[in-house]
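Read the structure below first, then the notes.
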Amino acid sequence: MTDVTGTGRPGAVVLDVTVPARAPWSAVVRAGQELTIVDLEGNQAVDFLAFDAHDTSLRYSAPDTIQAQGSVFLTTGSVLRDCEHQPLLTVVADDCGRHDTLGGACSKESNTLRYGHHTAGQHACAENFLAEGSRWGLTKRDLVSNVNWYMNVPVDPDGALGIVDGISSPGLSVTLRAERDVLVVVSNCPQVNNPCNGFDPTPVRMVVTDPGVDRPDPTPGA
């Protein structure tokens, strides 16, 4: 099949969007389709939640995912599981090599606690998730521990962890295959108080492809 995306993934382009720095994004990725997340400028954390598109009570579960694979990091072959231990998405390609499941999403409250009251007015991932999730009927009770693509959160032998300089670089990508119809909700992290975005949030690219269709999207108006 022909790569029509420039991302190395074959198939027809279903969606190709550049998400601005600090912005949210969401889409339904149909069963068998692939979502490729491209770190356009490098070291940009992408906070990520996933739900069964037909029953959002079935959502990504960090404990089930970590327990099933025996690792706190995600990479090629990792299966993102829901709260009933069933597969939602599988990582089928990964240029970066390691992604975080522990660091969680920044919020105005956590920013204030960690970095001082002067950060209280800063935009954060929790607010992005709430704003974008509301388009799909999601509320605060639907916010669970999330994946942080590209964020570097090493775990020390004593269990301590911290957010440190990223290991990604411009143009690296990670690709997930939907194992069923999945609603994906993303916050292109706006954090500027720690190194997760290199203190400079940047855009990312979201490309949904259908490997079962070997043709580009038709020309508009054709």
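The values are calculated or read from the model by the stated rules, or taken from the named source; none is laboratory data. Just so you know, these numbers come straight off a predicted model, no measurement behind them. For neighbour counting, all protein chains shown are included, and Cβ atoms are generated from backbone atoms with ideal geometry for every residue, glycine included. Only protein heavy atoms, including side chains, enter the accessible area calculation; ligands, DNA and RNA are left aside. Shrake-Rupley method; radii C 1.70, N 1.55, O 1.52, S 1.80 Å.
Structure notes:
- Over the chain, relative contact order from alpha-carbon pairs under 8 Å, at least 6 apart, %: 43
- Estimated 222 nm signal from helices in the chain, with DSSP H stretches of n ≥ 4 weighted -39500 (n - 2.57), rounded to 500: -3000 deg cm²/dmol
- The convex hull defined by the C-alpha atoms of the range 1-98 has an orientation-averaged projected area of 7.0 nm².
- Of all the options T76, T209, T36, the one that moves most in a Gaussian network model of the chain with Cα springs shorter than 10 angstrom is T76.
- 10 °C / 1.306 mPa s Stokes-Einstein diffusion coefficient of the chain, Kirkwood radius on C-alpha pairs, µm²/s: 90
- Summary of the geometry: the range 66-144 and the range 156-189, compared by the centres of their Cα atoms, lie 8 Å apart.
- Our compactness index for the range 22-79, the C-alpha radius of gyration over the empirical 2.2 N^0.38 Å, is 1.28.
- Put a dot 7 Å past the Cα of Q67, heading toward its Cβ, do the same for Q86, and the two dots end up 1.7 nm apart.
- The residues of the chain have, on average, 43 Å² of accessible surface per residue, using a 1.4 Å probe with all protein chains present.
- Within the range 65-144, the proportion of C-alpha pairs whose separation exceeds 18 Å stands at 58%.
- Equivalent ellipsoid semi-axes - Cα gyration tensor, the range 83-193, angstrom: 24, 21, 14
- Accessible surface of the chain, 1.4 Å probe, proportion on carbon and sulfur as whole %: 52
- Extension gain for D181 to A120 (0.36 nm times residue separation, less C-alpha to C-alpha distance): 18.3 nm.
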